[in-house]
Amino acid sequence: MSQSYWDKLLQRRLSRRRALTATGGAAVGAALLAACGGDEEEKEPTAAPPAEIKIGAVIPLTGRYAAGGALIKGGYEIAQDDINAAGGVEVKQFKKKIPIKINILDDASDPTQTVSRLEQHYAAGVLAYLGGFASDLHAAAAAIAEKNKTPYLGVAFALYSVHQKGYKYLFSPFPKSPGLTKAWFDLMDAQSPKPLKLALFVEKTDWGTEMRELWRKEAAARGYQVVADEEYASPGSTDLSPMILKAKNAGAESVLSIPSPPDGTLLLKQMKELDFNPKIAFFVRAADSPTWGTNLGKDGDYVALSPGWNNDLKFEGITQFNTKYQTKYNTPALSVSGPAYVATQILADAISRAEKLDRDSIRDAITKTDMKSSLIGPVKFNPDGTGVVQIVVAQWQNQKMVSVWPKDIAAGTLLYPATPFKERA
């Protein structure tokens, strides 16, 4: 309350006391009580509800992650449309529905710009952040969210180590590196014969280092042999043939990799040129967007990936979401578009349960998320902000992304072993 308010209140009380003293007698006590009771009712008006709930999203709409960023943007926008079509989010503090407004800024696939864009949103008064695409961008964002004490929901990143820094405002309803590694090896274990000779193609990033350690550990535990373990610079590599030839000459039967879209396209094209035909190849991130099938055609087939979601899974609401996405963007809803939609739903659900419309109350509500169903299945959060979510493996088949693992929710089965490039019709 303002100082002038308290000054006026003090003056009123002093005036009443003078009046009571002048009248004297037993009426003093009763009059004083009445006066105090009157003061209890004199409160400043409750703050008016905002016209909209401000949410800040930072997404790579240009640069090397632009294809993935477009999918994220689509998921956020359709979720906003659906929430606001129902009148907005019911806010406890104001006992009314308020629409959400997701303000989107482009970080050009540059972590430095990710940071500056988040600060721009904070200065504009957003109550929460929604993230973009790729682990390096999210890692940069998480530290800013923590500094600004603003809840941050991010999908399309599997980096696990950032969740081990004690951050309280970071939440990610998306599979992480340890879970991805287990799922890939489970899938390979289910094949006959198993692709026991592995080639690791690792980008020189924090996530690359994390995945490499997990792959090597899991391979040793399950009886696989790493016959090629190669690193490359990202971005910046223009010739990956040396590491491809090492893998080919060593008889590698499986490739594990996490390339960015440009690196993945280069890697696949050079694998074809050098006639390297592993039985199965995992290309995470690079193969996530529709442009993979469009640009590479049959050469892009047989590649496996873990996109966090696919539009053919057996979860509630997927058919309706697919229709809306296709209508709005004239392209299929794939991979991270589904998790992006759900991240927005999670935030809206938390706002509806928060005691107040402020950052800390929303953060506290997110920790208690318990969605029984969604486009990606049930969702909860661990204490470190990682999501308890379903891990999905998909594969490109006939220029279409098809879910293949786990079997109980997948629409198709893995095509194994991959047909050699030269034999594809």
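For (1) part of a strand (DSSP E or B); (2) among the β-branched types (Val, Ile, Thr), each residue gets a yes or a no:
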residue	(1), (2)
ASN103	yes, no
THR114	no, yes
GLY125	no, no
PHE174	no, no
SER192	no, no
PRO195	no, no
I'd like to verify a number: residues in region 406-419 that are under 20 Å from PRO332 (Cα atoms) and among the aromatic types (Phe, Trp, Tyr), how many?
0
Have a look at LYS168, LYS182 and point out the one that is under 30 Å from GLN345 (Cβ atoms), surrounded by fewer than 22 Cβ atoms within 10 Å (Cβ to Cβ) and not assigned by TED's automatic domain parsing to the domain that holds PHE276.
LYS168
Looking only at residues in region 85-101 that are touching a residue at least 40 places away in the same chain (Cβ under 8 Å) and not in a strand (DSSP E or B), which one is nearest to TYR152 (Cα to Cα)?
PRO99
The listed residue being buried (at least 22 other Cβ atoms within 10 Å of the Cβ), in contact with a helix residue (DSSP H, G or I) (Cβ under 8 Å, 6 or more places away or on another chain) and outside any loop (DSSP other than H, G, I, E, B), out of ALA57, ALA139:
ALA57
Return yes when ALA48 is among the hydrophobic types (A, V, I, L, M, F, W, C), farther than 14 Å from GLN345 by Cα and outside any strand (DSSP E or B) and no when it is not.
yes
Looking across region 384-407 at residues that are over 19 Å from ASP288 (Cα atoms) and in contact (Cβ under 8 Å) with a residue 12 or more places away in the chain, the single one that is surrounded by the fewest Cβ atoms within 10 Å (Cβ to Cβ) is ASP384
Applying the selection to region 405-425, what residues are farther than 21 Å from PRO193 by Cβ, basic (Lys, Arg) and assigned to a loop (DSSP other than H, G, I, E, B)?
ARG424
Of the residues in region 221-243, those that are under 29 Å from the mean Cα position of the chain (by Cα) and surrounded by fewer than 11 Cβ atoms within 10 Å (Cβ to Cβ) come to GLY236
Failed condition for VAL202, given (1) surrounded by fewer than 24 Cβ atoms within 10 Å (Cβ to Cβ); (2) touching a residue at least 24 places away in the same chain (Cβ under 8 Å); (3) over 16 Å from ALA286 (Cα atoms), with all others met?
(3)
Among the residues of region 218-258, write down those that are of a type in the set (Asp, Glu) and assigned to a strand (DSSP E or B).
ASP229, GLU230, GLU231
When VAL162 is run through (1) free of Cβ contacts under 8 Å to residues at least 60 places away in the same chain; (2) touching a His at 6+ places or on another chain (Cβ under 8 Å); (3) outside any helix (DSSP H, G or I), the failure sits at (3)
Considering region 185-199 alone, what residues qualify as being surrounded by fewer than 21 Cβ atoms within 10 Å (Cβ to Cβ) and among the small types (Gly, Ala, Ser)?
ALA190, SER192
Please find, among ASP107, ASP81, the residue that is buried (at least 24 other Cβ atoms within 10 Å of the Cβ) and among the charged types (D, E, K, R).
ASP107
Single match in ASP288, ASP275 (criterion: surrounded by fewer than 24 Cβ atoms within 10 Å (Cβ to Cβ) and either charged (D, E, K, R) or under 19 Å from LEU414 (Cα atoms) (or both))
ASP275
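So that you can scan it fast, the table gives a plain yes or no per residue for (1) basic (Lys, Arg); (2) at pLDDT 95 or above; (3) assigned by TED's automatic domain parsing to the domain that holds ASN398:
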site: PRO261; (1), (2), (3): no, no, yes
site: ALA281; (1), (2), (3): no, yes, yes
site: SER289; (1), (2), (3): no, no, yes
site: GLY293; (1), (2), (3): no, no, yes
site: ASP301; (1), (2), (3): no, yes, yes
site: GLY317; (1), (2), (3): no, yes, no
site: TYR325; (1), (2), (3): no, yes, no
site: TYR329; (1), (2), (3): no, yes, no
site: PRO332; (1), (2), (3): no, no, no
Within region 296-336, track down each residue that is over 26 Å from LEU256 (Cβ atoms) and assigned to a helix (DSSP H, G or I).
ILE318, THR319, GLN320, PHE321, ASN322, THR323, LYS324, TYR325, GLN326, THR327, LYS328, TYR329
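The values are calculated or read from the model by the stated rules, or taken from the named source; none is laboratory data. Nothing here was measured: the structure is a model prediction, and the numbers come from that model. Positions of Cβ are backbone-derived with ideal geometry, glycine not excepted, and every protein chain shown enters the neighbour counts.
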